[in-house]
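The structure appears right after this line, and notes come after that.
The values are calculated or read from the model by the stated rules, or taken from the named source; none is laboratory data. From a predicted model like this one, the values you see are computed outputs, not experimental measurements. Quick reminder, even Gly has a Cβ in these numbers, built from the backbone with ideal geometry, and neighbours come from all protein chains shown.
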């Protein structure tokens, strides 16, 4: 665990978001694009990635509220990247505008000191 405690928080959260979004994408593909053993194998691989995300997110050495704000900002961005590469979904103007609100809100939650 020494490696995880020495890892910068932002890197830890980027890895966690990549695990979550990739795990979710793999589960989606397993449910809608495969059947039989391929479906089961992909589903289990996605579940393993999601377990890794949950573990890493909870190892971040920040208060939960700070982690949640920063994480949600990163999650939105990572979701758009994975949607583009895995499903060919290009973000639209409403997604960019809504995403700007999500990211700015997450940054306010994480970094605004009262």
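Quick check, is residue 61 exposed (fewer than 14 other Cβ atoms within 10 Å of the Cβ) and modelled with pLDDT under 95?
yes
Would you point out the residue of region 95-114, among those that are more than 16 Å from the chain's Cα centre (by Cα) and closer than 26 Å to residue 29 by Cβ, that is surrounded by the fewest Cβ atoms within 10 Å (Cβ to Cβ)?
Across region 95-114, the extreme among qualifying residues is 96.
Table: residues versus (1) within 24 Å of residue 111 (Cβ to Cβ); (2) crowded, with 18+ Cβ neighbours inside 10 Å; (3) at pLDDT below 95.
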site	(1), (2), (3)
2	no, no, yes
5	yes, no, yes
12	yes, yes, yes
18	yes, yes, yes
21	yes, yes, yes
45	no, no, no
53	yes, yes, yes
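Applying the selection to region 69-94, what residues are over 23 Å from residue 27 (Cα atoms) and surrounded by fewer than 18 Cβ atoms within 10 Å (Cβ to Cβ)?
92, 93, 94 - these are the residues of region 69-94 that are over 23 Å from residue 27 (Cα atoms) and surrounded by fewer than 18 Cβ atoms within 10 Å (Cβ to Cβ).
Table: residues versus (1) within 11 Å of the chain's Cα centre (by Cα); (2) within 26 Å of residue 32 (Cβ to Cβ).
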residue: 46; (1), (2): no, yes
residue: 50; (1), (2): yes, yes
residue: 53; (1), (2): yes, yes
residue: 65; (1), (2): no, no
residue: 72; (1), (2): yes, yes
residue: 77; (1), (2): yes, yes
residue: 82; (1), (2): yes, yes
residue: 86; (1), (2): no, yes
residue: 89; (1), (2): no, yes
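Would you mention how many residues in region 31-65 are over 19 Å from residue 8 (Cβ atoms) and either assigned to a helix (DSSP H, G or I) or touching a helix residue (DSSP H, G or I) at 6+ places or on another chain (Cβ under 9 Å) (or both)?
Qualifying residue count for the region: 22.
Could you grab me the full set of residues in region 85-114 that are on the phi < 0 side of the Ramachandran plot and outside any helix (DSSP H, G or I)?
89, 90, 91, 92, 112, 113, 114
Residue under question is residue 40, and the condition is that it be farther than 24 Å from residue 107 by Cβ and either at pLDDT 85 or above or in contact with a strand residue (DSSP E or B) (Cβ under 9 Å, 6 or more places away or on another chain) (or both); does it hold?
yes
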